[in-house]
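Report on one structure; see the data block that follows.
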């Protein structure tokens, strides 16, 4: 019985190690700009271990670079069936929707994350970006404020918030805002 469990653990370890090798090879190919080949390696990693997060992550990153957003959305639905970090996959889904111009769908994804993880500065930041694109400037301003509340050193949120003040010609507030940040 103990030997059998040991063999099963060893088999699982070999599978994970092989998936890691495929993923590492995929990353090297990705870095060289060989995206189709990288995608092939990430798929091999997923085939070896369906729950291997790094394989899914690499595949999604590659599909985004290739601008194959529809395929990425289908991949995310499959990845959400695994034990991996669901909030990561939901965030990537939001990014895909943003790239496709489906801003309300993207917004829905970020709100889904915020509902379960209200202190996710990344979800708040992406939400703010979408709100800006939807011309919901005041809501975007509030969302950037939330990012700064959660993560006071989030430089991009500070910059975006300052830009809003300048675009709205709220110069006094902008000056105070920038002096506060210094």
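The values are calculated or read from the model by the stated rules, or taken from the named source; none is laboratory data. Just so you know, these numbers come straight off a predicted model, no measurement behind them. All Cβ positions, glycine included, derive from the backbone under ideal geometry; neighbour counts span all protein chains shown.
Regarding residue 47, is this residue within 24 Å of residue 17 (Cβ to Cβ) and at pLDDT 95 or above?
Details: within 24 Å of residue 17 (Cβ to Cβ): yes; at pLDDT 95 or above: yes.
Spelling it out, residue 47 is indeed within 24 Å of residue 17 (Cβ to Cβ) and at pLDDT 95 or above.
For segment 110-140, name all the residues that are free of Cβ contacts under 8 Å to residues at least 12 places away in the same chain and either not in a helix (DSSP H, G or I) or not assigned by TED's automatic domain parsing to the domain that holds residue 155 (or both). Don't jump to the end; show me each part of the working.
Narrowing segment 110-140 to residues free of Cβ contacts under 8 Å to residues at least 12 places away in the same chain: 115, 118, 135-136, 138-139.
118, 135, 136, listed by residue number.
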Exercise. Could you say which residue among 63, 107 is more than 18 Å from residue 134 (Cα to Cα) and buried (at least 21 other Cβ atoms within 10 Å of the Cβ)?
Worked result: 63
Exercise. With respect to residue 158, is the statement that it is modelled with pLDDT of 90 or more, touching a helix residue (DSSP H, G or I) at 6+ places or on another chain (Cβ under 7 Å) and farther than 28 Å from residue 60 by Cα true?
Worked result: yes
